[in-house]
Amino acid sequence: MLDIKFIKTENPKPIPGPENPLVFGTIFTDHMFVMDYTEGQGWHDARIEPYAPISLEPSAMVFHYGQEMFEGLKAYKTEDGRILMFRPDKNIERANNSNRRLMIPEIPEEDFLTALKELVRIEQAWIPTKEGTSLYIRPFVIATDPFLGVRPSYTYKFMIILSPVGAYYPEGLNPVKIWIEDEYVRAVRGGIGEAKTGGNYVASLAAQMKAHEEGYSQVLWLDGVERKYIEEVGAMNIFFKINGTVVTPQLNGSILPGVTRRTCVELCKSWGLPVEERKVSVDELEEAARTGALEEVWGSGTAAVISPVGHLRYENEVFQIGDGGIGELSQKLYDTVTGIQLGKVEDTFGWTVEVK
Ligand SMILES: *Cc1c(COP(=O)(O)O)cnc(C)c1O
């Protein structure tokens, strides 16, 4: 088992009380996990130490060539005081898939899980319990060689930081307005779209700002080649209920394989709903919206869990989905997923992992 050295903070911060709105990703706990990688030595010096700025050379490769990977998952406290993480094995597996694509050394799965559990256990007093809140876990790896040349780094830092969070979108579970982007693209097959890495996010900023200026909260991306098929929403995968069938774009190499996406697919199938993972063209959506066949649209992601979509804009048209409110299936998925995460709904799938 991974041997983790613990250096306790001498200046603990006040833990936000239930009156704190917990704006997503703004408050960090007292400690962080750090582990270093050196070529020839592998991962070493695992430690949990006070959360603090880190020191890197200005020439560190991550600043110049973007070699980095990140993950996002959550921990919850149940009413009877247990601490649960949701499907961490899937995040660990995906982290190493991203690492392979980005030429970052893989992290032994068991060590990754031990690090997550140990840090969350130490910081458990920071897990908020008010409805809609949780402890967001952000593991990431950065390339640290001081070198201005393009090649994979020989040294890395793997870190995990924690943040008590409320709703990701200010809208909460209220429907968001989505902008289908027809100018910029986010990723192409063969690129890094299926890796969880900062480069995909910087590619999305220009379109996001444009959408915000027009009053839309999120961008829905089309495929990078034909700009014809639906891919995903910057930080969420996307689902449609068309004539009673649940449809989501198939994983094609440029879409991030979301854990919440997989959870939605598995839950809908378990409820006997027809589920199709396939290509969805923007023309098909327009047609379905026009004829009333498009019953529900929602985004899925760890941060927001389920985010109902009330309006979709494409070129010069705006479509309202259903009555513009929260769809029945979106609500049921939200209630079930958060119910399992909070230990209120029986976890028949074995998705939760208890931290002891
Ligand atoms: C993280 C992420 C998602 C959602 O994945 P989850 O595992 O469900 O949180 C979707 N798209 C992108 C681009 C992401 O980075």
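The values are calculated or read from the model by the stated rules, or taken from the named source; none is laboratory data. All values reported here derive from a predicted model rather than from experimental measurement. Here the Cβ is made from the backbone with ideal geometry for all residues, glycine too, and neighbour counts use every protein chain on show. For the accessible areas, the whole protein counts, side chains as well, though only heavy atoms, and no ligand, DNA or RNA atoms are used. Shrake-Rupley method; radii C 1.70, N 1.55, O 1.52, S 1.80 Å.
Against the test of being touching a Ser or Thr at 6+ places or on another chain (Cβ under 7 Å) and either in a strand (DSSP E or B) or closer than 30 Å to G199 by Cβ (or both), the options R313, R261, R227 yield a single qualifying residue, R261.
Among the residues making up region 288-308, those that are small (G, A, S), within 15 Å of the ligand (Cβ to nearest atom) and part of a loop (DSSP other than H, G, I, E, B) are A303, A304.
What are the residues in region 131-153 that are open to solvent by 30 Å² or more (accessible area, probe 1.4 Å) and under 14 Å from Q341 (Cβ atoms), if any? Reasoning before the result, please.
So in region 131-153, the residues open to solvent by 30 Å² or more (accessible area, probe 1.4 Å) come out as 131-132, 138, 140, 146-148, 150-152.
Scanning region 131-153 gives E131, G132.
Within region 323-342, which residues are open to solvent by 20 Å² or more (accessible area, probe 1.4 Å) and within 21 Å of the chain's Cα centre (by Cα)? Listed by number, the residues that qualify are Q331, K332, Y334, D335, T336, T338, L342. Out of (1) within 16 Å of the ligand (Cβ to nearest atom); (2) assigned to a helix (DSSP H, G or I), what's the single condition that is false for L285? Only one criterion in (1) within 16 Å of the ligand (Cβ to nearest atom); (2) assigned to a helix (DSSP H, G or I) is unmet by L285, namely (1). Could you please let me know if V265 is open to solvent by 40 Å² or more (accessible area, probe 1.4 Å), out of contact with any helix residue (DSSP H, G or I) (no Cβ under 9 Å at 6 or more places or on another chain), among the β-branched types (V, I, T) and modelled with pLDDT of 95 or more? Here the answer is no, as V265 does not meet what is asked. The set of residues from region 253-282 being away from the ligand (no atom under 13 Å from the Cβ), of a type in the set (S, T, Y) and in contact with a strand residue (DSSP E or B) (Cβ under 9 Å, 6 or more places away or on another chain) comprises just one member, S281. When the residues of region 294-335 are filtered to those that are in contact with a Lys or Arg (Cβ under 7 Å, 6 or more places away or on another chain) and acidic (D, E), the one that is nearest to M236 (Cα to Cα) is E296. Scanning region 95-133 for residues that are at pLDDT 95 or above and at positive phi yields a single hit, M103. Residues in region 317-330: is at least one of a type in the set (A, V, I, L, M, F, W, C), at pLDDT 95 or above, assigned by TED's automatic domain parsing to the domain that holds G234 and over 17 Å from V219 (Cβ atoms)? Checked region 317-330: at least one residue is of a type in the set (A, V, I, L, M, F, W, C), at pLDDT 95 or above, assigned by TED's automatic domain parsing to the domain that holds G234 and over 17 Å from V219 (Cβ atoms). Of all residues in region 73-89, one or more are of a type in the set (S, T, Y) and surrounded by 15 or more Cβ atoms within 10 Å (Cβ to Cβ).
Pick from R186, R227: which is more than 21 Å from V305 (Cβ to Cβ), away from the ligand (no atom under 16 Å from the Cβ) and surrounded by 15 or more Cβ atoms within 10 Å (Cβ to Cβ)?
Working: R186 fails: away from the ligand (no atom under 16 Å from the Cβ).
Checking each option against the conditions leaves just R227.
Of all residues in region 279-299, one or more are open to solvent by 10 Å² or more (accessible area, probe 1.4 Å) and within 19 Å of R262 (Cα to Cα).
Would you pick out the residues in region 234-252 that are out of contact with any Ser or Thr (no Cβ under 8 Å at 6 or more places or on another chain), within 13 Å of the ligand (Cβ to nearest atom) and either modelled with pLDDT under 95 or in a helix (DSSP H, G or I) (or both)? Let's see the steps before the verdict.
Initial filter on region 234-252 (out of contact with any Ser or Thr (no Cβ under 8 Å at 6 or more places or on another chain)): 235, 241-252.
Restricting the remaining residues to those that are within 13 Å of the ligand (Cβ to nearest atom) gives 235, 248-249, 251.
Passing the criteria: only A235.
Only one of the numbered conditions (1) of a type outside the set (G, A, S); (2) open to solvent by less than 70 Å² (accessible area, probe 1.4 Å); (3) under 29 Å from F86 (Cα atoms) is violated by Y201, and that is (2).
Within region 152-182, restricting attention to residues that are in a loop (DSSP other than H, G, I, E, B) and in contact with a helix residue (DSSP H, G or I) (Cβ under 7 Å, 6 or more places away or on another chain), the residue that is farthest from A60 (Cα to Cα) is L173.
Could you tell me whether region 62-70 includes any residue that is more than 20 Å from M103 (Cβ to Cβ), in contact with a strand residue (DSSP E or B) (Cβ under 6 Å, 6 or more places away or on another chain) and either open to solvent by less than 10 Å² (accessible area, probe 1.4 Å) or at pLDDT 95 or above (or both)? I'd like the intermediate steps shown before the answer.
To start, the set of residues in region 62-70 that are more than 20 Å from M103 (Cβ to Cβ) comprises none.
Within region 62-70, not a single residue is more than 20 Å from M103 (Cβ to Cβ), in contact with a strand residue (DSSP E or B) (Cβ under 6 Å, 6 or more places away or on another chain) and either open to solvent by less than 10 Å² (accessible area, probe 1.4 Å) or at pLDDT 95 or above (or both).
Within region 2-59, restricting attention to residues that are at positive phi and in a loop (DSSP other than H, G, I, E, B), the residue that is modelled with the highest pLDDT is G40. One residue stands out among those in region 95-111 that are within 14 Å of the ligand (Cβ to nearest atom) and open to solvent by 20 Å² or more (accessible area, probe 1.4 Å): the one that is nearest to M1 (Cα to Cα), which is N97.
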